[in-house]
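Note sheet for the following structure.
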Amino acid sequence: MSTPTIEDAAPQGGNPHSAGLDAAESGKVELVTITVRIRRFNPEEHPDAVWVDYQLTVDPKIRVLDAINTIKWEQDGTLTYRRSCAHGVCGSDAMRINGKNRLACKTLIKDVNPEKPITIEPIKGLTVLKDLVVDMDPFFQAYRDVMPFLITTGNEPTRERIQSEEDVQRFEDTTKCILCAACTTSCPVFWNDGQYFGPAAIVNAHRFIFDSRDEGAEQRLEILNDREGVWRCRTTFNCTDACPRGIEVTKAIQEVKRALVTRRF
Ligand code: SF4
Ligand code: FES
């Protein structure tokens, strides 16, 4: 049997997103048939999660999110997951794809070994509410706890707060965080102890601790000096590997630890 192509498989008046067929603008694209194996959980139906396989014929250059959307729109509308921007900006579609935390909208099918079943499951360490949706409240509580906003004293300045290029470079990397939780939920310490602040909260504390305009560093450092704070980090680098924004998460955590010891920031 010959390999199907976009032209062979194009739907007649069907969903325009069908199997990512809109990915091809012209010419023939070689399609692949893939198995997407999703960990489904619906506490209203069954207390245990089960793996369910879905078969799709797709352009291997579509994203994993496109494949999941196709399953939801064409095969099973009950499939539940979060997504919004579809462009790696909102951070809502972090999930474990083939055992690794990734953003579904930034992961191409061709890059996740499509010859074998592609496994998709919720990020670990947070309570699963349904299918791929986890309870993000503990994650955002830790974020709020480090006071992720500018703290200043005295009168408001009448002109902008000037910073040098060097000042900005000290915290620029951690400004890129999109709060996707891929780092925190790839951390073995967090898996074992959900009370740990986790890498993402520390990254967002770092963003303000090292900002020369901010005056709340001492408060944040004291918060992270807690027994569930920065000292729980075991430097496994899982967080750095997981970050879809390429933030040097482990380095940021190390800098916060050093600031706690030296009180220099
Ligand atoms: S540091 Fe990276 S992995 Fe962690 S929440 Fe921010 S963007 Fe996501
Ligand atoms: S849907 Fe927004 S980051 Fe993937």
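Please sort 36-45, 77-86, 120-129 by packing, taking for each peptide the average over its residues of neighbouring beta carbons within 10 angstrom, highest first.
120-129, 36-45, 77-86
How do the peptides 258-264, 70-76 rank, highest first, by the average count of neighbouring beta carbon atoms within 10 Å per residue?
Output ranking for 258-264, 70-76: 70-76, 258-264.
If we count other beta carbons within 10 Å of each Cβ, what is the order of Phe237, Phe149, Phe190, Phe171, fewest first?
Listed from fewest to most nearby Cβ atoms, that is Phe149, Phe237, Phe171, Phe190.
Apply the Karplus curve 6.51 cos²θ - 1.76 cosθ + 1.60, θ = phi - 60°, to the phi angles in the range 233-245 and return the couplings in whole Hz, x for Gly and Pro.
4, 10, 6, 7, 6, 4, 5, 5, 4, 7, 5, x, 9
Percent relative contact order of the range 91-216, based on C-alpha pairs within less than 8 angstrom and at least six residues apart?
With pairs under 8 Å counted, the relative contact order is 30 percent.
Run the lone-cysteine check on the chain: no other Cys C-beta under 4.7 Å from the residue's C-beta.
Cys105, Cys177, Cys180, Cys187, Cys233, Cys243
For the chain, modelled as a GNM with alpha-carbon contacts under 10 angstrom, which of Thr184, Thr236, Thr174 fluctuates the most?
In the Gaussian network model the winner is Thr236.
Less than 16 Å apart at the alpha-carbon level, and either on another chain or at least 8 residues along: which aspartates and glutamates does that give for Lys110?
Within the straight-line cut-off, Lys110 pairs with Glu30, Asp59, Asp66.
So how do 241-254, 49-62 stack up, highest first, on mean other-Cβ count within 10 Å?
Averaged packing, sorted descending, gives the order 241-254, 49-62.
Which net charge results when you count Lys and Arg as +1 and Asp and Glu as -1 among the other residues whose beta-carbon is under 10 Å from that of Cys177?
+2
Using the Karplus curve 6.51 cos²θ - 1.76 cosθ + 1.60 with θ = phi - 60°, what ³J(HN,Hα) values do you get for each residue of the range 253-265, in whole Hz, with x for Gly and Pro?
The phi angles translate into 5, 4, 5, 5, 4, 5, 5, 5, 7, 8, 6, 10, 8 Hz.
Which value in nm describes the separation of the simple spin-label points at Arg159 and Asp226, placed 7 Å from the Cα toward the beta carbon?
Distance between the two pseudo-spin positions: 4.0 nm.
Estimate the FRET efficiency between Leu150 and Thr236 by the formula 1/(1 + (r/R0)^6), using the beta-carbon distance for r and 41 Å for R0, to the nearest 0.05.
0.85
Given the convex hull of the Cα atoms of the range 128-265, what is a quarter of its surface area in nm²?
Spelled out: convex hull of the Cα atoms, projected over all directions, averaged, 9.1 nm².
When the helices in the chain are scored as -39500 (n - 2.57) per DSSP H run of 4 or longer and the sum is shared across all residues, what 222 nm value do you end up with, to the nearest 500 deg cm²/dmol?
So the helix-based figure for the chain works out to -6500 deg cm²/dmol.
Picking from Cys90, Cys177, Cys233, which is most flexible by a Gaussian network model of the chain using Cα springs under 10 Å?
Comparing Cys90, Cys177, Cys233 in a Gaussian network model of the chain, the most mobile one is Cys90.
Grab the beta carbon distance between Thr262 and Ser84, set R0 = 35 Å, and tell me the FRET efficiency rounded to 0.05.
So, using R0 = 35 Å, E works out to roughly 0.30.
Can you tell me what the convex hull of the Cα atoms of the chain projects to on average, as an area in nm²?
One quarter of the hull surface, i.e. the mean projection, equals 18.4 nm².
Taking neighbour counts of Cβ atoms within 10 Å as a proxy for exposure, in what order, fewest first, do Asp131, Asp193, Asp173 appear?
Arranged by neighbour count, lowest to highest, Asp131, Asp193, Asp173 become Asp193, Asp173, Asp131.
Read-outs: derived from the displayed coordinates by stated rules, not from any lab. What you see is a predicted model, and the numbers here were worked out from it, not measured in a lab. Glycine gets a Cβ as well: all are built from the backbone with ideal geometry, and neighbour counts include every protein chain shown.
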